[in-house]
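Q: Please find one structure pasted underneath; my questions will follow.
The values are calculated or read from the model by the stated rules, or taken from the named source; none is laboratory data. Here the structure is a predicted model, which means the values were calculated and not measured. We place every Cβ from the backbone using ideal geometry, glycine too, and count neighbours over all the protein chains shown.
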Amino acid sequence: MNNSVSPGDLIPRRISDEEPEIMRIAYNPQEIEKKWQRIWNERGLYRSIIDESKQKFYYLTMLPYPSGDLHIGHWYAVTPSDAQARFYRMQGYNVLFPMGFDAFGLPAENAAIRRGIHPSIWTHKNIDNMRRQLRSMGAMFDWEREMVSCEPEYYKWNQWFFLKMYEKGLAYRKKAAVDFCPSCNTTLAREQVMGPERVCERCGTPVIKKELEQWFFRITDYADELLDFSGLEWPERVKTLQRNWIGRSEGAEVVFKSEQGDPLVVFTTRPDTLWGATFMVMAPEHPLVEKLTTAAQKEAVQRYVRNAQRMADIERESAEREKTGVFSGAYAINPVNHERIPIWVADYVLMTYGTGAIMAVPAHDERDFAFATQYDLPIRVVIAPTDWDGQPLSEAYSGEGVMINSGVLDGTPTPAGIKKVVAWLEENGLGKRAVNYRLHDWLISRQRYWGTPIPMIHCPHCGIVPVPEDQLPVELPTDVTFRATGENPLTYHEDFLHVKCPICGGDARRETDTMDTFMDSSWYHYRYLSPHYDKAPWDPEEGAYWLPVDQYTGGIEHATMHLLYTRFFTKALRDLGIVNFDEPMLRLFNQGTILGEPQDGDFVAVKGHWQEDAFMAETIDVLVRPENGRLQRETLPVCLVNEDTVRGEVWHRDEGGIKVRLLTGENERIVVVNAKHATIQVDGKTVRLMDINMHLEVEKMSKSKGNVVAPDILVAQYGADTVRAYLMFAFDWGSGGPWNSRGIEGTHRWLNRVWAIIMDDTPVVGGRADPALVRQLRRKTHQTIRKVTHDVEAFAFNTAIAALMELTNLMKKLQATPVRGTPAWTEAVERMILMMAPFTPHIAEEMWQQTGHAFSVHTQAWPAWDEEAVKEEIMTLVVQVNGKLRDKIKVPVGIDAEKAKALALQSEAVQRHISGKTIRKIIFAANKLVNIVAQ
RNA sequence: GCCGAAGUGGCGGAAUCGGUAGACGCGAUGGUCUCAAAAACCAUUGGGAGGUUGCUCCCGUGUGGGUUCGAGUCCCACCUUCGGCACCA
């Protein structure tokens, strides 16, 4: 009945005998995806077990926060990672690809306050839902290794690490002016304050400064080591962000003395400008301000300091702001020339950087120059700019030059000058070489409930006492009441608070601050190895095999937060003897972001009446709906607004009404329309307000903008494989871009086409297959293997899938020819399925089975290409005249220069373009082109 | 202001080393099938000009220069967009 030699005849494919011969099984993703997910699970296909005979590969992707619903962004982050992990598995690696939940954090607590749900219940409900959604991706997660950071079995080890670090002096408590988010009601680490507006990383509220006793991790001890990225394959961008964040600057600390002899230490990167220091400046918060200020200046200084305290940091730190300051009345002695220079107090000097005091060298520092000009202080040039005419400077010169007005060092050029001055300072005990960092220690205290309790006890007699290790974990009490203010309920939970001091046994009080949730994510990749292990943070046997992480993927937004913290954490663990490597993740890739799809709004005519500034709608008629997201402006009715009508594009829509934009005419404007009581019609049918399309720009997806793409709906419509393939195909993974709801159709069409080609069991048309076509198919198959292999290694999933589409297109062409009966066809089919397996695992598994192969396609070896098959025999030789394309000639591959040149000269097109000219030169690029240079 | 990344058709995006710009897909146009539509399939698709009509020419990768036989790719200057830092001494 079927003379095809294509594989797959072993399995009956007809649904029933009554079906006509030509009827074939249609691609039904819903059915096959459910089926294979079940079978994979039952067979434990994705369990990752230690296997010393295989090279391990730990593939990690950033774990999600369980916010409730999986976002298309999660799919975008995870499914290409999954494809690459699967690819490595097929290449013979023993791959670990775990998933878990970053389950502590504020949204859970806010839900508790707003809706009275306990954070634990809210979180676990969300995790259950997201776990289900994650499973629908068909990823190769090993769910047996799932970790959830809000479980005591996890956070116990946060506390354990904290105690270890406390013992080592890496965790400490100090009083400092720290950043506080009034909306989240908690302190934040410096890294969690974003941008020049200094807003909270989570909620966007501007932070304020508070003087508080807080717990810190001594990340600054590792500043230099964190600047060393050797051995890491990380994006330059991330390395640059971390370098800038750490902000190392080399220079010297110089000891000035007040006239009374109080040492006043300053940090400078330009000790060679010491002779140009014409005044000093202290930050208003500097501890010596009070002591040094003279009686006469006391009142003025106090006023200034109070004023500075009141002023928000944003105002203070604005570089554009005119500089202000006040003279302290005191003088200091410049140690190099014994000059008597005034000491000022000014807020352009920050207490948080360096020593909180500076020597001001106005000639060579922009800020000092501005200040000196403002207060008429002397400016002395001590570094001569090249070609300097000796005239006063019009602006500070911070470049290199030759030292002048600097005593014995006159004539020394810049880099050497710095060295000499530092040596001289050290010899004379007046200063020393010093390095300063922008990086601050990591503030980990949070005044919130839903986090890891810091395992410390405050005893009135013994001071701060660590909770003994055998009493861990300090569990979060569950019977807590939340106040609307967001106050930490631990602070008024009597049972939690009252504790006996482990040393003296007297009444003591528990620490109520919890840990920054970045603590959780600093080591979660270790816990995955053995999430329920109770003798140590993880099973050392697992650690010895799997660690460190070979490939990490995630967004760029954590460059100076999570990625910095986790590096620090691993280095600290190394120094505690817990790990024996320096870096947690060897290779890093940052994927981009999926943005919202742009769309014009409906074009509507609103009838109604005016009530002050708002238009009260009675009826809204949708006149034109955008096609493919766009309104054709040329064909639209005229926009207008008068007594009883508003006509234009729907610019915005919410529960209360719409905003209509008049987009034609000179006075483009937006009219607010109240649509609460309006009848809304589309094509004569009454619809709800929410059915109106509003205008959407390309921007980040968010619920409030109404441009969120829900993966569940797409999976129901197209299947997970289509969603996966589309996300990998339509974007450059490193960049992301706007969603396109039409584009996904193309990918779905591709899968349908592949299915139809591979599952085609109609009789092969008779006759002998054309050997040239057979060779062409075989060549394309092997070229595709080569391309896909290289592309997946390079994270170029889009071009890998494009290559598979090209192979599909060729197969489509040959499907109706006798080539379909050849071994080359069978080979193409098999390799195609194997190559699809990482991208679209379900359809690949189904086709693998349907073509008569044994379970599972995912345990097969990744196909290798045959160099011989890849080779072309005939190539297109490009012929240029003066660099311009003039002809293309088919020639055998490997043609030599002489033959190629001769052929090129024979070309009619070439003759036309060189006639009347003299040939100066003929360039031959092997297997590429001939370029005839003629004048 | 400083540092970094990026500018390619109507759109998403391709183009190892400097060597055919626009792969693949979306959209669009025309066609086949159909009573019709959808789906599917086939063809065309950077812009322009000319034509002896499957042919020829010109322009074209943000702008202006340069290097080179040849530049999306290298160099210089500039413009725009996005990100980071921002009185850091």
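Q: List the number of the failed condition for A:ALA824; all other conditions in (1) within 11 Å of RNA strand B (Cβ to nearest atom); (2) out of contact with any Pro (no Cβ under 7 Å at 6 or more places or on another chain) hold.
A: Exception for A:ALA824: condition (1).
Q: Being within 9 Å of RNA strand B (Cβ to nearest atom) and over 16 Å from A:HIS748 (Cα atoms) is the filter here, so list the residues in the range A:786-802 that pass it.
A: Answer for the range A:786-802, where residues must be within 9 Å of RNA strand B (Cβ to nearest atom) and over 16 Å from A:HIS748 (Cα atoms): A:ARG786, A:LYS787, A:HIS790, A:ASP791, A:ALA794, A:ALA796, A:THR799.
Q: When both residues are 6+ apart or on different chains and their Cβ atoms are under 9 Å apart, which pairs have a first residue that lies in the range A:139-152 and is in the same structural domain as A:ALA85 (by TED's automatic domain parsing) and of a type in the set (Lys, Arg), and a second that is crowded, with 18+ Cβ neighbours inside 10 Å and in a loop (DSSP other than H, G, I, E, B)?
A: These pairs meet every condition: A:ARG145/A:SER48; A:ARG145/A:PRO98; A:ARG145/A:MET99; A:ARG145/A:GLY100; A:ARG145/A:TYR528; A:ARG145/A:LEU529; A:ARG145/A:SER530; A:ARG145/A:PRO531.
Q: Of all strands (runs of 3 or more DSSP E) completely enclosed by the range A:532-643, which ones contain at least 3 residues that are more than 23 Å from the chain's Cα centre (by Cα)? Spell out the reasoning first.
A: Working: elements: A:549-554, A:585-590, A:593-595, A:603-611, A:614-624.
Qualifying strands (runs of 3 or more DSSP E): A:603-611, A:614-624.
Q: Further, regarding this structure: Take the residues of the range A:138-156 that are outside any helix (DSSP H, G or I) and not aliphatic (A, V, I, L, M): which is surrounded by the fewest Cβ atoms within 10 Å (Cβ to Cβ)?
A: That would be A:GLU151.
Q: All but one of (1) more than 14 Å from RNA strand B (Cβ to nearest atom); (2) touching a residue at least 60 places away in the same chain (Cβ under 8 Å); (3) crowded, with 16+ Cβ neighbours inside 10 Å hold for A:GLY407; which doesn't?
A: Condition (3) is where A:GLY407 drops out.
Residues are listed down the side, and each one gets a yes or a no for (1) part of a loop (DSSP other than H, G, I, E, B); (2) under 31 Å from the mean Cα position of the chain (by Cα):
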position	(1), (2)
A:TYR27	yes, no
A:GLU31	no, no
A:ILE50	yes, yes
A:LYS54	yes, no
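Q: Within the range A:383-392, is even one residue under 16 Å from A:ARG270 (Cα atoms) and either surrounded by 19 or more Cβ atoms within 10 Å (Cβ to Cβ) or without any contact (Cβ under 8 Å) to a residue 12 or more places away in the chain (or both)?
A: Yes, the range A:383-392 contains at least one residue that is under 16 Å from A:ARG270 (Cα atoms) and either surrounded by 19 or more Cβ atoms within 10 Å (Cβ to Cβ) or without any contact (Cβ under 8 Å) to a residue 12 or more places away in the chain (or both).
Q: Hey, another quick one. Which of the residues belonging to the range A:248-288 are part of a helix (DSSP H, G or I) and within 14 Å of RNA strand B (Cβ to nearest atom)? Walk me through how you get there before you give the answer.
A: To start, the set of residues in the range A:248-288 that are part of a helix (DSSP H, G or I) comprises A:271-276.
Correct list: A:PRO271, A:ASP272, A:THR273, A:LEU274, A:GLY276.
Q: Additional query: Looking at the range A:862-890, which of the residues that are of a type in the set (A, V, I, L, M) and farther than 15 Å from A:ILE922 by Cβ is modelled with the highest pLDDT?
A: Taking the range A:862-890 as the starting set, the residues that turn out to be of a type in the set (A, V, I, L, M) are A:864, A:869-870, A:874-875, A:877-879, A:881, A:885, A:889.
With the extra rule that they be farther than 15 Å from A:ILE922 by Cβ, the set shrinks to A:864, A:869-870, A:874-875, A:885.
Working: A:ALA864: 95, A:ALA869: 90, A:VAL870: 90, A:ILE874: 84, A:MET875: 84, A:LEU885: 87.
Restricting to residues being of a type in the set (A, V, I, L, M) and farther than 15 Å from A:ILE922 by Cβ, the top hit is A:ALA864.
Q: In the range A:865-924, which residue that is touching a residue at least 40 places away in the same chain (Cβ under 8 Å) and on the phi > 0 side of the Ramachandran plot is farthest from RNA strand B (Cβ to nearest atom)?
A: Per the criteria, the residue is A:ASN882.
Q: While we're looking at this one, here's another question. Could you tell me which residue of the range A:757-774 is farthest from RNA strand B (Cβ to nearest atom), considering only residues that are in contact (Cβ under 8 Å) with a residue 12 or more places away in the chain and part of a helix (DSSP H, G or I)?
A: A:VAL774
Q: Search the range A:662-675 for residues being surrounded by fewer than 18 Cβ atoms within 10 Å (Cβ to Cβ) and modelled with pLDDT of 85 or more, and hand back the single one that is farthest from A:GLY601 (Cα to Cα).
A: A:ASN674
Q: With respect to A:ARG24, is the statement that it is surrounded by 11 or more Cβ atoms within 10 Å (Cβ to Cβ) and modelled with pLDDT under 90 true?
A: Yes: the conditions hold for A:ARG24.
Q: Check off (1) within 14 Å of RNA strand B (Cβ to nearest atom); (2) touching a Pro at 6+ places or on another chain (Cβ under 7 Å); (3) polar (S, T, N, Q) for A:THR851 and give me the number that stays unchecked.
A: (1)
Q: Given the conditions (1) of a type outside the set (D, E, K, R); (2) surrounded by 14 or more Cβ atoms within 10 Å (Cβ to Cβ); (3) assigned to a helix (DSSP H, G or I), which single one is not true for A:ASN244?
A: Every listed condition holds for A:ASN244 apart from (2).
Q: Just name the residue that is nearest to A:GLN192 (Cα to Cα) out of those in the range A:89-109 that are in a helix (DSSP H, G or I) and in contact (Cβ under 8 Å) with a residue 60 or more places away in the chain.
A: The first filter runs over the range A:89-109 and keeps only residues in a helix (DSSP H, G or I), leaving A:89-90, A:106-109.
Still in the running and in contact (Cβ under 8 Å) with a residue 60 or more places away in the chain: A:89-90, A:106, A:108-109.
Numbers: A:ARG89: 37, A:MET90: 40, A:LEU106: 14, A:ALA108: 19, A:GLU109: 19 Å.
It comes out as A:LEU106.
Q: Counting only residues that are of a type in the set (A, V, I, L, M), give me the strands (runs of 3 or more DSSP E) lying completely in the range A:650-756 with at least 2 of them.
A: Fully inside the range A:650-756 and qualifying: A:657-662, A:669-674, A:679-682.
Q: Determine whether the range A:492-507 contains at least one residue that is under 30 Å from A:TYR353 (Cα atoms) and acidic (Asp, Glu).
A: Within the range A:492-507 (the criterion being under 30 Å from A:TYR353 (Cα atoms) and acidic (Asp, Glu)), the answer is no, since none of the residues qualifies.
Q: Can you tell me which residue in the range A:718-748 is nearest to the chain's Cα centre (by Cα), limited to those that are more than 18 Å from A:ALA83 (Cβ to Cβ), within 7 Å of RNA strand B (Cβ to nearest atom) and of a type outside the set (Asp, Glu)?
A: Restricting to residues being more than 18 Å from A:ALA83 (Cβ to Cβ), within 7 Å of RNA strand B (Cβ to nearest atom) and of a type outside the set (Asp, Glu), the top hit is A:GLY737.
Q: Related question: Regarding the range A:493-504, can at least one residue be identified that is touching a His at 6+ places or on another chain (Cβ under 6 Å) and surrounded by fewer than 21 Cβ atoms within 10 Å (Cβ to Cβ)? Break it down into steps so the answer makes sense when it comes.
A: Residues of the range A:493-504 that are touching a His at 6+ places or on another chain (Cβ under 6 Å), as a first pass: A:504.
If we keep only those that are surrounded by fewer than 21 Cβ atoms within 10 Å (Cβ to Cβ) as well, we get A:504.
Yes - at least one qualifying residue is present in the range A:493-504.
Q: Do you know which of the residues in the range A:784-802 that are surrounded by 22 or more Cβ atoms within 10 Å (Cβ to Cβ) and more than 30 Å from A:GLY767 (Cβ to Cβ) is nearest to the chain's Cα centre (by Cα)?
A: Among those that are surrounded by 22 or more Cβ atoms within 10 Å (Cβ to Cβ) and more than 30 Å from A:GLY767 (Cβ to Cβ), it is A:PHE797.
Q: Here is a further query. A:LEU751: within 16 Å of RNA strand B (Cβ to nearest atom) and either more than 41 Å from the chain's Cα centre (by Cα) or farther than 30 Å from A:ASN590 by Cβ (or both), yes or no?
A: no
Q: Just need a number here: residues in the range A:768-784 that are within 17 Å of A:MET836 (Cα to Cα) and in contact with a Leu (Cβ under 9 Å, 6 or more places away or on another chain).
A: 4
Q: Another question about this same structure. For the range A:111-124, how many residues are in contact (Cβ under 8 Å) with a residue 24 or more places away in the chain and assigned to a helix (DSSP H, G or I)?
A: Count: 5.
Q: May I pose another question? Residues that are part of a loop (DSSP other than H, G, I, E, B) and over 30 Å from A:ILE246 (Cα atoms): does the range A:354-377 have at least one?
A: Yes: one or more hits.
Q: Same structure again: What residue, of A:ARG306, A:ARG340, is without any contact (Cβ under 8 Å) to a residue 60 or more places away in the chain, more than 9 Å from RNA strand B (Cβ to nearest atom) and surrounded by fewer than 16 Cβ atoms within 10 Å (Cβ to Cβ)?
A: Going through A:ARG306, A:ARG340 in turn, just one is without any contact (Cβ under 8 Å) to a residue 60 or more places away in the chain, more than 9 Å from RNA strand B (Cβ to nearest atom) and surrounded by fewer than 16 Cβ atoms within 10 Å (Cβ to Cβ): A:ARG306.
Q: Select from the range A:925-935 the residues that are surrounded by fewer than 14 Cβ atoms within 10 Å (Cβ to Cβ) and within 6 Å of RNA strand B (Cβ to nearest atom) and write down the one among them that is nearest to the chain's Cα centre (by Cα).
A: A:LYS928
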